[in-house]
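Just so it is clear, none of the values below were taken in a lab; they were calculated from the coordinates. If you're wondering where the values come from, they're calculated on a predicted model, not measured in any experiment. Ideal geometry is used to build each Cβ from the backbone, glycine not excepted, and the neighbour counts take in all protein chains shown.
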Amino acid sequence: MMLDKKMMSELIAIVLHGGADFAEVYAEYSKDNRISYADKKIETVTNKIISGVGIRGFLGTRTFFASTTDLTPSGLRECAKRVAQAVGHPVDRIADFSLVERINTNIHPIRTNPFDVSAKVRSALVREAADAAWAGGDEIIQVNGTLLTSDKSFTVANSEGLYTSDRQIRTRMMVNAIASDGTQNQQGTASPGRQMGLEFFDIPRFAPKVIGAEAARQAKVNLKAVPCPSGQMTVAIANGFGGVIFHEACGHSLEAACVGIGMSQMCGKMGQQVAGSKVTAIDDGTIVNGWGSCNIDDEGNPNQRRVLIENGILKSYMVDRLGARRMGVPHTASGRRQNYSYETTSRMTNTFIANGPDKNEDIIASIENGIYCAMMGGGSVNPFTGDFNFAAREAYLVKNGRICEPVRGAALIGNGGDVIRKIDMVGQDLDTAQGNCGASSGMIPTDVGQPLIRVSSITVGGQA
């Protein structure tokens, strides 16, 4: 949805007349579709439309925000007036700004818009993935599948004269399989996605049957796993979703939302050694068709490639407009939000540890007695202290430099600032995996990633 310049200018002027020193209007129209498979049939097909406007004002480092779904001129004016009244410092001056449209270059080509394809065709993709999971063997007793597609358009304008728009189309397949031996159940999950249309499934590694087969494989591996031992160990963490540890335990600590208010373990450490010398960490919102990419952030700024840590040295934070005011630094196009009803804040896009100098075989060979985490799962973290606890979805014992039997119940427990210092080997098989990250500005799509890495020592919590 694109409000015209005249209306957006009027709304901005109302907020400025309330005494704000900066005003912004964000208008959104989004479509979401969810096709769910369970009990060997398509269970639900759900469509959702989101349409609304969020209006924000700044006064120094104070922010004032309101949103509305009433898109009539009177409804929009009333929303802007609520923000102006909240600012509470009315002025008589004439707002001096003029909106100039900026057309952005789209670096995320879409070949087949999911919303141009029938629900029948899309449902067939979910069935294909589920059938592949069921074909994994007699141990598979349950399969659930979901195809998620979205088409988001937004326009943002502000009192600096910006008037610009973006469109983001995403596709993601999620399959969960449960395997049983009659006494216990174990699960496996595969959930890749991209900022692409249905052409996503033409990529061989993301074909529906490959996704389904991977979920079943993981479930069967976990069914044969033995209880994981516990204690201080050397741990190798695989590429792809292994990057969730950096994202959660360190990435959030590098966002201005925490740094700008002194609530981060990374405060005041710019230019200091914060990680092992082989660690270079990047947040890159410009990756073509990346799950977390966007042509512009939700404040209208062209996205960037941000080197956060280079050879262990802290080089940058992720900064939105408010964070820039609080910290006295330029923003890094890191303002993101779930939708119009949330106020933007600093967030990650595609965040990963870059390839390093070590060969993967050397990393495994270097471990005498430890754990190889082939797939990480969920967990929790305190961004102020950096303390975290993450479960491994698939893990193996490593003995005398060889990957051995699978283990279940493995959890990695530690502190983000401590663990990244203990990353002493970094491999060369960088890959990313997809997730949805929640914070004060809602749930947003983010990529995590890394090559195979080695942590010299970390607490492993096991299963009795």
- Say R0 is 41 Å: what FRET efficiency, to the nearest 0.05, do C404 and K48 get from their beta-carbon distance? 0.30
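For R167 and D4 in one chain, what is 0.36 nm times their gap in residues minus the Cα-Cα distance, to one decimal in nm? Walk me through the numbers on the way to the answer.
Values: separation 163, 0.36 × 163 = 58.68 nm, distance 1.68 nm.
The span from R167 to D4 would gain 57.0 nm if fully extended.
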- Label point at D138 placed 7 Å out along Cα→Cβ; residues across the stretch 165-208 whose backbone nitrogen lies under 18 Å: 178-186
- Query: According to a simple spin-label model (label point 7 Å from Cα along Cα-to-Cβ), what is the distance in nm between R77 and S180?
  - Reply: 6.4 nm
- Message: Run the reach check for K40 against lysines, Cα to Cα strictly under 17 Å, same-chain hits fewer than 8 apart removed. What comes back?
- Response: K120, K209
- Just order 318-329, 202-213 by mean Cβ neighbour count inside 10 Å, highest at the front, would you? 318-329, 202-213
- Query: Which of the aspartates and glutamates could a cross-linker span from K48 if the Cα-Cα distance has to be under 12 Å and same-chain partners fewer than 8 positions apart are dropped?
  - Reply: D32, D151
- Query: Gap in Å between the Cα centre of the stretch 254-304 and the Cα centre of the stretch 315-381?
  - Reply: 7 Å
- Task: Kindly list the residues of the stretch 53-88 that lie in the label zone of V329, defined by a backbone N under 12 Å from the point 7 Å along the Cα-to-C-beta vector.
- Result: none
- Positive-end residue of M327, N339, N303, charge dipole of the stretch 231-461 with Cβ unit charges: M327
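Using Cα pairs under 8 angstrom and six or more residues apart, how large is the relative contact order of the stretch 231-461, in percent? The partial results should precede the final answer.
Working: 674 pairs, mean separation 72.0, N = 231.
It rounds to 31 percent for the stretch 231-461.
If you take the square roots of the eigenvalues of the alpha-carbon gyration tensor of the chain and sort them as a ≥ b ≥ c, do you get rounded (a/c under 1.5), prolate (a/b over b/c) or oblate? Before the final figure, lay out the partial values.
Details: a/c = 2.44, a/b = 1.46, b/c = 1.67.
Verdict is oblate for the chain.
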- Task: Using only Cα atoms, find the angle between the long axis of helix 208-223 and the longest principal axis of the chain, and express it within 0 to 90 degrees, rounded to the nearest 10.
- Result: 50 degrees
- List the lysines whose alpha-carbon lies under 28 Å from that of K399, not counting same-chain residues fewer than 8 positions away? K220, K224, K278, K359, K422
- Task: Run the quick spin-label model on Q187 and E199: label points 7 Å from Cα toward the beta carbon, then report their separation in nm to one decimal.
- Result: 3.4 nm
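Starting with the highest mean, order 282-288, 333-339, 106-112 by the number of other Cβ atoms within 10 Å, averaged over the residues of each peptide. The partial results should precede the final answer.
Working: 282-288: 21.0, 333-339: 25.0, 106-112: 15.0.
Listed from highest to lowest mean packing, they are 333-339, 282-288, 106-112.
Do you know the relative contact order of the chain, to the nearest whole percent, from alpha carbon pairs under 8 angstrom that are 6+ apart?
Numbers: 1325 pairs, mean separation 73.3, N = 464.
The value is 16 percent.
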- Message: Please give me, ordered by residue number, the trypsin sites (Lys or Arg not before Pro) of the stretch 404-464 that lie in loop per DSSP and have at most 12 other Cβ atoms within 10 Å.
- Response: none
- Relative to the longest principal Cα axis of the chain, at what angle does helix 119-134 sit, 0 to 90 degrees, rounded to 10? 30 degrees
